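The values are calculated or read from the model by the stated rules, or taken from the named source; none is laboratory data. Everything numeric in this text was worked out from a predicted model, so none of it was measured. Quick reminder, even Gly has a Cβ in these numbers, built from the backbone with ideal geometry, and neighbours come from all protein chains shown.
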Amino acid sequence: MRVAIDARKLHDFGIGTYIRNLLRHVARLDHDTEYVLLCSPADLGVARELGPNFRGVEERSPSYSIREQLSIPAVLLRERPDVYHSPHYVLPAALGCRRVVVTIHDCIHLRFPQYLPNRAAHAYARTMLWSAAKRADRIITVSEASKRDILHFFDVAPEKVEVVYNGIDERFWVTPAGDLVDRVRERYQLDGRFLLYAGNIKPHKNLVRVIEAFAGLRRRGFDQLQLLIIGDEISKLPALRRAVHKHKLHKHVRFMGFVPDETLSVLYRLAAVFVFPSLYEGFGLPPLEAMASGTPVVTSTTSSLPEVAGHAAVLVDPYDAASIEDGIREVLDSPARADELRRQGLLRAREFSWERAAARTLAIYAETSRA
């Protein structure tokens, strides 16, 4: 069997995490299938590192571009794979491949069209998602919540949609060396307790209400607490800066941009609470990463987050800043509650494995090729 996988988004924050971990574990499990990775010129060496049954082919077209509508079918006609896997929702109109698997991580563009830049972007997302859902032989999604959304928005058979949970990157299970912890503490001057958020800086991540909840905590006795926000392109959400200014929190809220993986692993472990009251997630890896790091988690009652967190997190109403504040206070006020969440979180995180995700994805490739 020959499988082609679109790996152009290898270094993206969300889908890139999915692609990197899927490829790494597929390579460990399967030494017989021939894999053709469509990737940028800089990533051609990644295929060689994965194993002798992996081969990279150059694909320069940008994602979500007109150019990819022509160049990807040309590559597939030349390579003639039995199965083509697109790990995001865009499928070119004419595919030179017999069988297609597509991963639709979420339907956020349809659930929250107001967060897209314009109507044209909404129309594009709606059209491409509909086309991918209809034309794919199998759809992989990452939670039952996302599957319900796919079935709600697109008239597809339930058996066509397979839930394959994401896993947790192995680095979060490794306890950082003591000298690294000390260096991170010193570099970021982390002398007291702090709340942590890590993820994209987008409106649906609900960070304005996190700042409002943080302001309430400081007014009600937690005046030594800090808030660390890790994420990219903060300038694209000016409401965050306005919220900090409104509550006079300039000295207490720290925007850190992206940090190296080893630093993030330390920050997870040092945080008093990991706060993730997102309005919508197809899966939501950061809360699980925090759990694997032994950190208490406060997250949302919405979308996939209760499904992923189970009983191992404090669940709050993300539309209510007071509910977010109360959830954080529940952890900060009770060392026993925090310890219980740490224990439950470690157990819950163990239930999500990239090896299991890769094994099920391999089975889907085989089933699709035989259909």
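Filter the range 241-258 down to the residues that are over 20 Å from P296 (Cα atoms) and among the aliphatic types (A, V, I, L, M), then identify the one that is farthest from the chain's Cα centre (by Cα).
Going through the qualifying residues, I end up with L249.
Testing E355 on (1) among the acidic types (D, E); (2) under 27 Å from T103 (Cα atoms); (3) without any contact (Cβ under 8 Å) to a residue 40 or more places away in the chain, one condition comes back false. Which one is that?
Here E355 meets the rest and fails (3).
Filter the range 154-165 down to the residues that are outside any loop (DSSP other than H, G, I, E, B), of a type outside the set (K, R) and under 13 Å from I104 (Cα atoms), then identify the one that is nearest to the chain's Cα centre (by Cα). Reasoning before the result, please.
Residues of the range 154-165 outside any loop (DSSP other than H, G, I, E, B): 158-163.
Still in the running and of a type outside the set (K, R): 158-159, 161-163.
The next check asks that each one be under 13 Å from I104 (Cα atoms); those that pass are 161-163.
Working: V161: 19, E162: 18, V163: 15 Å.
Applying the filter and picking the extreme gives V163.
Residue-wise test of (1) outside the structural domain of G231 (by TED's automatic domain parsing); (2) within 22 Å of the chain's Cα centre (by Cα).
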residue	(1), (2)
P260	no, yes
G282	no, yes
G294	no, yes
E307	no, yes
P318	no, yes
D326	no, no
P335	no, no
A358	yes, yes
A363	yes, no
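Within the range 15-32, restricting attention to residues that are touching a Leu at 6+ places or on another chain (Cβ under 8 Å) and of a type outside the set (A, V, I, L, M), which residue is surrounded by the fewest Cβ atoms within 10 Å (Cβ to Cβ)?
Taking the range 15-32 and keeping what is touching a Leu at 6+ places or on another chain (Cβ under 8 Å), we get 16-17, 19-20, 23-24, 26-27, 29-30.
Right, trim to of a type outside the set (A, V, I, L, M) and you get 16-17, 20, 24, 30.
Numbers: G16: 15, T17: 19, R20: 18, R24: 17, D30: 21.
The selected residue is G16.
A312: assigned to a helix (DSSP H, G or I) and either touching a Cys at 6+ places or on another chain (Cβ under 8 Å) or at pLDDT 95 or above (or both), yes or no?
Working: assigned to a helix (DSSP H, G or I): no; either touching a Cys at 6+ places or on another chain (Cβ under 8 Å) or at pLDDT 95 or above (or both): yes.
In short, no.
Take the residues in the range 45-68 that are of a type in the set (A, V, I, L, M) and under 25 Å from the mean Cα position of the chain (by Cα), then tell me which one is farthest from K9 (Cα to Cα).
Step one: of the range 45-68, the residues of a type in the set (A, V, I, L, M) are 46-47, 50, 57, 66.
Applying the additional criterion that residues be under 25 Å from the mean Cα position of the chain (by Cα) yields 46-47, 50.
On the way: V46: 13, A47: 14, L50: 17 Å.
Ranking the qualifying residues of the range 45-68, first place goes to L50.
Yes or no, residue by residue, for (1) of a type in the set (A, V, I, L, M, F, W, C); (2) assigned to a helix (DSSP H, G or I); (3) out of contact with any strand residue (DSSP E or B) (no Cβ under 9 Å at 6 or more places or on another chain):
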residue: E289; (1), (2), (3): no, yes, no
residue: S303; (1), (2), (3): no, no, yes
residue: P306; (1), (2), (3): no, yes, no
residue: I324; (1), (2), (3): yes, yes, no
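Looking only at residues that are closer than 21 Å to Y268 by Cα and of a type in the set (V, I, T) in the range 230-247, which one is modelled with the lowest pLDDT?
This residue is I234.
Inspect all residues belonging to the range 33-53 and state whether any of them is among the hydroxyl-bearing types (S, T, Y) and either touching a helix residue (DSSP H, G or I) at 6+ places or on another chain (Cβ under 6 Å) or assigned to a helix (DSSP H, G or I) (or both).
Filtering the range 33-53 down to residues among the hydroxyl-bearing types (S, T, Y) leaves 33, 35, 40.
Cutting the leftovers down to either touching a helix residue (DSSP H, G or I) at 6+ places or on another chain (Cβ under 6 Å) or assigned to a helix (DSSP H, G or I) (or both) gives us none.
No, every residue in the range 33-53 fails to be among the hydroxyl-bearing types (S, T, Y) and either touching a helix residue (DSSP H, G or I) at 6+ places or on another chain (Cβ under 6 Å) or assigned to a helix (DSSP H, G or I) (or both).
Would you confirm whether any residue within the range 345-353 is part of a helix (DSSP H, G or I), surrounded by fewer than 23 Cβ atoms within 10 Å (Cβ to Cβ) and of a type in the set (D, E, K, R)?
Yes, the range 345-353 contains at least one residue that is part of a helix (DSSP H, G or I), surrounded by fewer than 23 Cβ atoms within 10 Å (Cβ to Cβ) and of a type in the set (D, E, K, R).
Spot the failing condition for I168; the list is (1) outside any loop (DSSP other than H, G, I, E, B); (2) of a type in the set (V, I, T); (3) in contact with a Ser or Thr (Cβ under 8 Å, 6 or more places away or on another chain), and only one is missed.
Failed condition: (1).
Among the residues in the range 150-167, are any touching a Cys at 6+ places or on another chain (Cβ under 7 Å) and either touching a residue at least 24 places away in the same chain (Cβ under 8 Å) or buried (at least 18 other Cβ atoms within 10 Å of the Cβ) (or both)?
Let us first name the residues in the range 150-167 that are touching a Cys at 6+ places or on another chain (Cβ under 7 Å), namely 150, 153.
From what's left, either touching a residue at least 24 places away in the same chain (Cβ under 8 Å) or buried (at least 18 other Cβ atoms within 10 Å of the Cβ) (or both): 150, 153.
Checking the range 150-167: at least one residue is touching a Cys at 6+ places or on another chain (Cβ under 7 Å) and either touching a residue at least 24 places away in the same chain (Cβ under 8 Å) or buried (at least 18 other Cβ atoms within 10 Å of the Cβ) (or both).
Take the residues in the range 179-221 that are loosely packed, with under 14 Cβ neighbours inside 10 Å and of a type in the set (G, A, S); name whichever of them is farthest from the chain's Cα centre (by Cα).
G221
Please indicate, with yes or no, whether at least one residue in the range 171-178 is over 23 Å from the mean Cα position of the chain (by Cα), farther than 27 Å from R20 by Cα, part of a helix (DSSP H, G or I) and assigned by TED's automatic domain parsing to the domain that holds S293. Walk me through it before giving the result.
So in the range 171-178, the residues over 23 Å from the mean Cα position of the chain (by Cα) come out as 177-178.
From what's left, farther than 27 Å from R20 by Cα: 178.
Right, trim to part of a helix (DSSP H, G or I) and you get 178.
Add one more test, that the residue is assigned by TED's automatic domain parsing to the domain that holds S293, and what stays is 178.
For the range 171-178, residues over 23 Å from the mean Cα position of the chain (by Cα), farther than 27 Å from R20 by Cα, part of a helix (DSSP H, G or I) and assigned by TED's automatic domain parsing to the domain that holds S293: present.
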